[in-house]
Amino acid sequence: MSSAIELRAVEKWFGDVQVIKGIDLAIEEGEFVIFVGPSGCGKSTLLRMIAGLEEVSRGQVIVGGRDATAEPPSKRGLAMVFQSYALYPHMNVRENMGFSLKTAGRPKAEIAQMVDEAARALRLEEYLDRRPKELSGGQRQRVAIGRSIVRDPTAFLFDEPLSNLDAALRVEMRYEIAKLHQTLDATMIYVTHDQVEAMTLADRIVVLQGGVIEQVGRPRELYERPANLFVAQFIGSPK
Ligand code: ADP
Ligand code: MG
């Protein structure tokens, strides 16, 4: 089975400070993988290197079996889901969701169809004519996701998409994202520092600390058989 995304000995240096210290990881098609770890451990940097938003210092990023290390973000077929505040305030939901297709020069009818499909998957059909400020936080977050769905990406990349939401909404959106993963059957890589989010959403969790992987495994494996004290304490298992 070929991996959707593979990291081979990936390193990142900012000047002479090394923040990612040789990461090897294969993510399978349709897998929901979560990078979890304390603030500053390198989660965003790793995700941004996969997306192509940050240069890889050493090693390779393979996307769909192709060496994408030197490719610009637009060539990788990946969608980075930004937080909901990145919506265009002057555009309605339909325009927000179709914007990237419009700039890519896709025909109007095709854009309309793809936006309708994404709106259906996200239950946003009734809100297509509204502006972001006329939506709830959860609806806005769904529009932010909808903007990437229309591009039919090979994988979705999320960087703490729920961190700005209040607790109740976070729980609601966690459920939405889980459902979306089922509906789309898409590969998803998701960054969070929230253990509960990781434990409830992930097929596999990658625990990072100081730019290295401490353990990779299914939520239950990490809980029952943490590799070390750090993982045990971070996941909250009774070791
Ligand atoms: P996380 O997302 O896990 O909180 P980051 O990937 O944002 O961590 O950061 C990892 C480390 O790299 C941190 O020590 C951070 O200060 C450092 N870092 C991130 N971006 C830069 C940058 N552009 N220049 C220098 N250091 C950076
Ligand atoms: Mg981060």
* Structure fact -> Within segment 28-43, the residues that are at pLDDT 95 or above and either exposed (fewer than 15 other Cβ atoms within 10 Å of the Cβ) or out of contact with any Lys or Arg (no Cβ under 8 Å at 6 or more places or on another chain) (or both) are Glu28, Glu29, Gly30, Gly40, Cys41, Lys43
* Kindly list, by first and then second residue, each pair from a residue in segment 28-56 that is on the phi > 0 side of the Ramachandran plot and of a type outside the set (Phe, Trp, Tyr) to a residue that is surrounded by fewer than 17 Cβ atoms within 10 Å (Cβ to Cβ) and in a loop (DSSP other than H, G, I, E, B), limited to pairs with Cβ atoms under 7 Å and residues at least 6 apart or on different chains. => Gly30/Asp185; Gly52/Glu71; Gly52/Pro72
* Identity of the residue in segment 155-164, touching a residue at least 60 places away in the same chain (Cβ under 8 Å) and buried (at least 16 other Cβ atoms within 10 Å of the Cβ), that ends up farthest from ligand 2 (Cβ to nearest atom) -> Ala155
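Quick grid of which residues meet (1) aromatic (Phe, Trp, Tyr); (2) within 17 Å of Ala118 (Cβ to Cβ); (3) surrounded by fewer than 19 Cβ atoms within 10 Å (Cβ to Cβ):
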| position | (1), (2), (3) |
| --- | --- |
| Ile177 | no, yes, no |
| Asp185 | no, yes, yes |
| Val191 | no, no, no |
| Ala198 | no, no, no |
| Ala202 | no, no, no |
| Ile205 | no, no, no |
| Arg218 | no, no, yes |
* So which of Ala79, Ala119, Ala109 ends up being surrounded by fewer than 12 Cβ atoms within 10 Å (Cβ to Cβ) and either under 17 Å from the mean Cα position of the chain (by Cα) or part of a helix (DSSP H, G or I) (or both)? -> Ala109
* Please tell me if Phe32 is under 29 Å from Tyr223 (Cβ atoms) and more than 16 Å from ligand 1 (Cβ to nearest atom). => yes
* Asked: Of all residues in segment 17-43, which are more than 16 Å from ligand 2 (Cβ to nearest atom) and aromatic (Phe, Trp, Tyr)?
  -> Phe32
* To do: Report, ordered by the first and then the second residue, all pairs with beta carbons closer than 6 Å, sequence separation of six or more or different chains, a first member in segment 9-20 that is touching a residue at least 40 places away in the same chain (Cβ under 8 Å) and over 16 Å from Gln60 (Cβ atoms), and a second member that is in a strand (DSSP E or B) and within 16 Å of ligand 2 (Cβ to nearest atom).
  => Val19/Lys12
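The values are calculated or read from the model by the stated rules, or taken from the named source; none is laboratory data. Keep in mind that what you see is a predicted model, and the values were worked out from it rather than measured. Neighbour counts are summed over all protein chains in view; Cβ atoms, including those assigned to glycine, are modelled from backbone coordinates with ideal geometry.
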